[in-house]
Amino acid sequence: MGTENPNRPNYPLRPAATPFAAQQSTTPFLPSGPVAGSEASAFRPAPPASSQFPTPPFPTGALVGSEPPAFRPPPSSRSNDLVRPPPSYGSPTSGFQRFPTPPLTSTGQVPPPRTSLAGQAVVPPPTRPSPGPVSLLSQPQPPSVPMGTPPQSIKTGQSNPNVPLPADQHFSTSRPNAQPSSPPMGPSYAAPRGAFQPAFPGYTNTQPNSVAQAPPTQPVSFPLQHRGYAPPSATPFLLSKEQHGMAPPIATSQTLAEDFSSLSLGSVPGSFDAGLDAAALPRPLDGDVEPKSFAEMYPMNCSSRFLRLTTSGIPNSQSLASRWHLPLGAVVCPLGEAPAGEEVPVINFATTGIIRCRRCRTYVNPYVSFTDNGRKWRCNICSLLNDVPSEYFAHMDATGRRVDLDQRPELTKGSVEFIAPAEYMVRPPMPPLYFFLIDVSISAVQSGMLEVMAQTIKSCLDSLPGSTRTQIGFITYDSTIHFYNMKSSLTQPQMMVVSDLDDIFVPLPDDLLVNLSESRSVVEAFLDSLPSMFQENMNVESAFGPALKAAFMVMSQLGGKLLIFQNTLPSLGVGRLRLRGDDIRVYGTDKEHMLRVPEDPFYKQMAADFTKYQIAVNVYAFSDKYTDIASLGTLAKYTGGQVYYYPSFQSSIHKDKLRHELARDLTRETAWEAVMRIRCGKGVRFTSYHGNFMLRSTDLLALPAVDCDKAYAAQLSLEETLLTTQTVYFQVALLYTSSSGERRIRVHTAAAPVVADLGEMYRLADTGAIISLFSRLAIEKTLSSKLEDARNAVQLRIVKALREYRNLYAVQHRLSGRMIYPESLKFLPLYGLALCKSTPLRGGYADAQPDERCAAGYTMMALPVKSLLKLLYPDLVRVDDYLVKSEELDNIRKRLPLTAQSLDTRGLYILDDGFRFVIWFGRSISPDIMRNLLGEEFVTDYSKVSLSQRDNEMSRKLMKLLDRFRESDPSYFQLCHLVRQGEQPREGFFLLTNLVEDQIGGANGYADWMMLLFRQIQQNA
């Protein structure tokens, strides 16, 4: 979403040479259970009785607060030297670089005696492993099992596979009674070797091997009790007991099913091959996949397009909630477009009045229950018994259902819309009103913005919502403010100029806002003459603040939508701004965040006034220079609007984008004068809200205008120590005025189960909602902290969550050298990495302009889940085969991993992040393709070439394909940027910085990132 410089380090304060930067590769993620392939997640064996072991009481707080070691890998010279309790020595984790001098030098040392939980000293035999009997005592601590000395072939980085050691070999200092069981490291135990190689330009594709494994000749499938996995490669993960002839673990844990996915990060003992296969890392190549299990559990819930919970398992206690380190909450898109073929039913109760709970004001919904033969209904949110009005009464059938259930959509569907009676109106419904505040200084005229904008508004006049009720008005400004009288009796608009900026007043207040249908000819005449009217304007000043006050004075009677077209930094009158953001020394200091917050309180105060009078503001910013989007964007942030940013706008290049996005803004269905509240069941409540709105009371969001492209996030907390109910209900209610003048209430209701098990919370997690809430929290953090702190906060929460999950299984399973995660969160680390590399968060001074960073932040704060995930992990598809052969259009939607390895020099690729297309031409691509698509100019500078349909089949196919991509999400228009392989800085600028899996400018690649997370999860696990 803007310009990027790949030559600057993205994380300036993190050491560029991370301890695992040597060899980069990856391993298969493994599906849960013994089933091969990713479909395994559909089948989950119930946890056997043996999984009733008490959860290990490990503290997760070792990596807490902002202490630096928690976020950064230690210096590479001592990569194996992980944090250990002082007197005893745990063995190093597998998968890291060897360090030159091992800490202990004696060669034939026998492991020290170890005290078992019961107190007896257990001395392992010195030479070979013994399959002796083991006893497991029922204590809250993780069971400790005697272990023999590992054979010489095993590296000490790997635990004895016989022992269900918790969270690998690192033990927490707070574990009582447990002594380390690993042998000290001497030369006879080779230190594990780093398993990575550089991300650019290629990975080696070695067979993924598990930590201790003899490669078999053909795939083998294992029964459930062996807990074996068959990864996508031909080499399955063998259990070490077959290899070393050890006895299996005790009978109770023999039949444990692994209810998680895992990623092996070790290498084969004695070999120097990397243990990671990059191709097998989990990637969201199917885009955003909504969790289906939740919808099946509660078929009467509203669609996930309207409401998504970060986990559908609500914790039953505050202590359980505190162990869920990811955000707990919801993402709401109240006016989202309904799934294909479905409409939100509109219900008019007319004389009955809307049926609501008299205590908590919940609207009647599918989860209320009727009792007393249908005379009373029980509220599902607060459990109060309410009387059923006589007009709404219906008898109950034998099963306890109302006989008229089929005629009552509000009792069968999770999303409905009620027509509100007069008591829901503070004033009569306002007509849709569009007011345009237009910068006409020299840069606006020369860039062509004025002409494109005027033409677009004129073309949309017939499609504006509200038909004959719609109102319209215009103000233009440079160093003075120009008002336009558009009374229907005139043939041409009259222009009035106000030059007194300190004491602004409105001439002819009644004729500046006119009914569009009555004054249509005057409005069209004005739009036709607007570009030529200021054609000779040489004024470089911008009296934006006074013009904003004037617009407020005109609109405050009715409210509506204010569209601002701003080309120049405000320089005159109230609200003038100065150039900032040029001082490189501010970056990395405590003052850095000041560049991302409004400089002048005038804008926030104006936003509060706009919201109070039901005015939503959309800001269209066009400039090749600094315009302080941080300040201007505040107007959109607090009024429920959005920011559109067109840096260095030139009509010859950008006109289609502006035309499409302005037209959609003007014509999409809009809810006016809206307020939104989310109600939830007893014991839980929403504590904070994130997005573009003004909070009117603790839980009432004021939204002067809402549409289908806006989403809002909220965080949830438990009010009570223990929830006693089995289900928690959520209800989103949006009260608004439709463009046709009806007052309506859109209601979305959903139920979610209360769970007592952390594993169940993870199983029901929704990565899309989590990342959506994460990104809003991280962007808000950049407004009060350094960029690096915001990135570290994201990383820390992912580490804490995956460590907590690891501790769930550490006692019962052999986890040496494996990173485990729930199937539901397999993409979380990758999306977390992509978020840290996104425009609002990445790098430092040189990685993104301040305006670009702030504009991207304002945009991401309002994006629905699907659009946000696509922006973070764009689609990359290869299209040259489709253009040359007669393939079907549907066949080319195969998405590729975002790494330079996916790019073939003979290919043509499209990268689509929902905001722009980057079309990449390989160096060795066929000249015929180039000639057909670009004409004879295919050798020139690509920044000056625009893609247009030419008279040949190949060009038509490509344009049809781009149109198909655009139709899938029409909220923004993807402009084409053509890039040729090796053409710098353009290629790095548009494409390479979007390849989030690669190591760019000092920021981690995907495999490095997984290793970094793995190491931090292991510490104090």
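Cβ-Cβ contacts under 8 Å between residues 6 or more apart (or on different chains), taken from a first residue in the range 745-772 that is within 17 Å of Lys710 (Cα to Cα) and in a helix (DSSP H, G or I) to a second residue that is open to solvent by less than 10 Å² (accessible area, probe 1.4 Å) and among the small types (Gly, Ala, Ser), are listed as Ala769/Gly329; Ala769/Ala330; Ile771/Gly832; Ser772/Ala711; Ser772/Ala713. Across the range 972-1014, the number of residues qualifying as over 27 Å from Ser924 (Cβ atoms) and open to solvent by 10 Å² or more (accessible area, probe 1.4 Å) comes to 3.
If the condition is being open to solvent by 20 Å² or more (accessible area, probe 1.4 Å), farther than 22 Å from Arg596 by Cα and not β-branched (Val, Ile, Thr), then the range 754-795 contributes Ala756, Asp757, Glu760, Arg763. Given the criterion buried (at least 22 other Cβ atoms within 10 Å of the Cβ) and in contact with a Leu (Cβ under 8 Å, 6 or more places away or on another chain), identify the matching residue among Tyr873, Tyr882. Of the residues listed, the single one that is buried (at least 22 other Cβ atoms within 10 Å of the Cβ) and in contact with a Leu (Cβ under 8 Å, 6 or more places away or on another chain) is Tyr873.
Can you pull out every residue in the range 1005-1021 that is modelled with pLDDT under 90 and outside any helix (DSSP H, G or I)? Listed by number, the residues that qualify are Gln1019, Asn1020, Ala1021. The residues of the range 404-456 that are assigned to a strand (DSSP E or B) and either within 30 Å of Pro299 (Cα to Cα) or more than 36 Å from the chain's Cα centre (by Cα) (or both), listed by number, are Ser415, Val416, Glu417, Phe418, Ile419. Could you tell me whether Gly640 is in contact with a Lys or Arg (Cβ under 8 Å, 6 or more places away or on another chain) and either open to solvent by 40 Å² or more (accessible area, probe 1.4 Å) or among the small types (Gly, Ala, Ser) (or both)? Spelling it out, Gly640 is indeed in contact with a Lys or Arg (Cβ under 8 Å, 6 or more places away or on another chain) and either open to solvent by 40 Å² or more (accessible area, probe 1.4 Å) or among the small types (Gly, Ala, Ser) (or both). Taking the criterion of being among the small types (Gly, Ala, Ser) and in a loop (DSSP other than H, G, I, E, B), the residues of the range 962-990 that qualify are Ser971, Gly982.
Yes or no, residue by residue, for (1) over 26 Å from Val865 (Cα atoms); (2) in contact with a Lys or Arg (Cβ under 8 Å, 6 or more places away or on another chain):
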| position | (1), (2) |
| --- | --- |
| His325 | no, yes |
| Ala338 | no, yes |
| Val344 | no, yes |
| Phe349 | yes, no |
| Ile354 | yes, no |
| Arg375 | yes, no |
| Val388 | yes, yes |
| Met396 | yes, yes |
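Among the residues of the range 268-282, those identified as open to solvent by less than 30 Å² (accessible area, probe 1.4 Å) and at pLDDT 50 or above are Gly275, Leu276, Asp277, Ala278, Ala280, Leu281, Pro282.
Say whether the condition of being over 26 Å from Ala848 (Cα atoms), assigned to a loop (DSSP other than H, G, I, E, B), at pLDDT 90 or above and open to solvent by 30 Å² or more (accessible area, probe 1.4 Å) is met by at least one residue in the range 598-605. Spell out the reasoning first.
Of all residues in the range 598-605, those over 26 Å from Ala848 (Cα atoms) come to 602, 605.
From the residues that got through so far, the ones that are assigned to a loop (DSSP other than H, G, I, E, B) too are none.
No; the residues of the range 598-605 include none that is over 26 Å from Ala848 (Cα atoms), assigned to a loop (DSSP other than H, G, I, E, B), at pLDDT 90 or above and open to solvent by 30 Å² or more (accessible area, probe 1.4 Å).
The requirement of being touching a residue at least 24 places away in the same chain (Cβ under 8 Å), of a type in the set (Ser, Thr, Tyr), open to solvent by 10 Å² or more (accessible area, probe 1.4 Å) and part of a loop (DSSP other than H, G, I, E, B) is fulfilled nowhere in the range 680-690; no residue meets it.
If you take the residues in the range 871-903 that are out of contact with any strand residue (DSSP E or B) (no Cβ under 8 Å at 6 or more places or on another chain) and under 30 Å from Lys710 (Cα atoms), which one is modelled with the lowest pLDDT? Let's see the steps before the verdict.
Taking the range 871-903 first, the residues out of contact with any strand residue (DSSP E or B) (no Cβ under 8 Å at 6 or more places or on another chain) are 871-873, 881-882, 884-891, 899-901.
Going one step further and asking which of them are under 30 Å from Lys710 (Cα atoms), we end up with 871-873, 890.
Details: Leu871: 95, Leu872: 96, Tyr873: 95, Asp890: 64.
Per the stated criteria, the residue is Asp890.
Scoring Phe526 on the criteria (1) aromatic (Phe, Trp, Tyr); (2) open to solvent by 30 Å² or more (accessible area, probe 1.4 Å); (3) assigned to a helix (DSSP H, G or I) leaves a single failure, condition (2). Test Tyr626 against the stated conditions and say whether it is open to solvent by 10 Å² or more (accessible area, probe 1.4 Å) and in a loop (DSSP other than H, G, I, E, B). The answer is yes for Tyr626.
Being open to solvent by 80 Å² or more (accessible area, probe 1.4 Å) and either in a loop (DSSP other than H, G, I, E, B) or at pLDDT below 90 (or both) is the filter here, so list the residues in the range 940-959 that pass it.
In the first step, residues of the range 940-959 are kept if they are open to solvent by 80 Å² or more (accessible area, probe 1.4 Å); the result is 944, 949, 951, 953, 956.
Scanning the range 940-959 gives Lys944, Gln949, Asp951, Glu953.
Restricting attention to the range 338-362, the residues being within 19 Å of Pro299 (Cα to Cα) and either more than 32 Å from the chain's Cα centre (by Cα) or in contact (Cβ under 8 Å) with a residue 60 or more places away in the chain (or both) number 3. Taking the criterion of being β-branched (Val, Ile, Thr), touching a strand residue (DSSP E or B) at 6+ places or on another chain (Cβ under 9 Å) and open to solvent by less than 10 Å² (accessible area, probe 1.4 Å), the residues of the range 421-459 that qualify are Ile438, Val440, Ile457. Go through Ala834, Ala848 for me and flag whichever is under 17 Å from the mean Cα position of the chain (by Cα) and crowded, with 23+ Cβ neighbours inside 10 Å. Exactly one of Ala834, Ala848 is under 17 Å from the mean Cα position of the chain (by Cα) and crowded, with 23+ Cβ neighbours inside 10 Å, namely Ala834. Against the conditions (1) part of a helix (DSSP H, G or I); (2) open to solvent by 10 Å² or more (accessible area, probe 1.4 Å), Asn807 satisfies every one except (2). None of Leu734, Leu802 is in contact with a helix residue (DSSP H, G or I) (Cβ under 6 Å, 6 or more places away or on another chain) and either in contact (Cβ under 8 Å) with a residue 60 or more places away in the chain or closer than 20 Å to Phe827 by Cα (or both) except Leu802.
Can you tell me which of Lys591, Lys604 is free of Cβ contacts under 8 Å to residues at least 12 places away in the same chain, out of contact with any Cys (no Cβ under 7 Å at 6 or more places or on another chain) and more than 22 Å from Asp665 (Cα to Cα)? Even if it seems obvious, please write down each step before you answer.
Details: Lys604 fails: free of Cβ contacts under 8 Å to residues at least 12 places away in the same chain.
Criteria check complete, one pass: Lys591.
If you go through the range 643-666 and keep only what is of a type outside the set (Phe, Trp, Tyr), at pLDDT 95 or above and not in a helix (DSSP H, G or I), you end up with just Val643.
When each of Asp500, Asp462 is tested for being open to solvent by 10 Å² or more (accessible area, probe 1.4 Å) and assigned to a helix (DSSP H, G or I), the lone residue that passes is Asp462. Quickly run through the range 400-420 and pick out the residues that are surrounded by fewer than 19 Cβ atoms within 10 Å (Cβ to Cβ) and either of a type in the set (Asp, Glu) or modelled with pLDDT under 90 (or both). Of everything in the range 400-420, those that are surrounded by fewer than 19 Cβ atoms within 10 Å (Cβ to Cβ) and either of a type in the set (Asp, Glu) or modelled with pLDDT under 90 (or both) turn out to be Gly400, Asp404, Asp406. For the range 901-939, filtering for residues that are open to solvent by 50 Å² or more (accessible area, probe 1.4 Å), of a type in the set (D, E, K, R) and assigned to a loop (DSSP other than H, G, I, E, B) leaves 2. Restricting attention to the range 533-586, the residues that are touching a residue at least 24 places away in the same chain (Cβ under 8 Å), of a type in the set (Lys, Arg) and open to solvent by 10 Å² or more (accessible area, probe 1.4 Å) total 3.
The values are calculated or read from the model by the stated rules, or taken from the named source; none is laboratory data. It should be emphasised that the depicted structure is a prediction, and the values quoted were computed from it without experimental measurement. Don't worry about glycine lacking a Cβ; one is built from the backbone with ideal geometry, like all the others, and counts go over all protein chains shown. Surface accessibility is based on the protein's heavy atoms, side chains included, excluding ligands, DNA and RNA. Shrake-Rupley method; radii C 1.70, N 1.55, O 1.52, S 1.80 Å.
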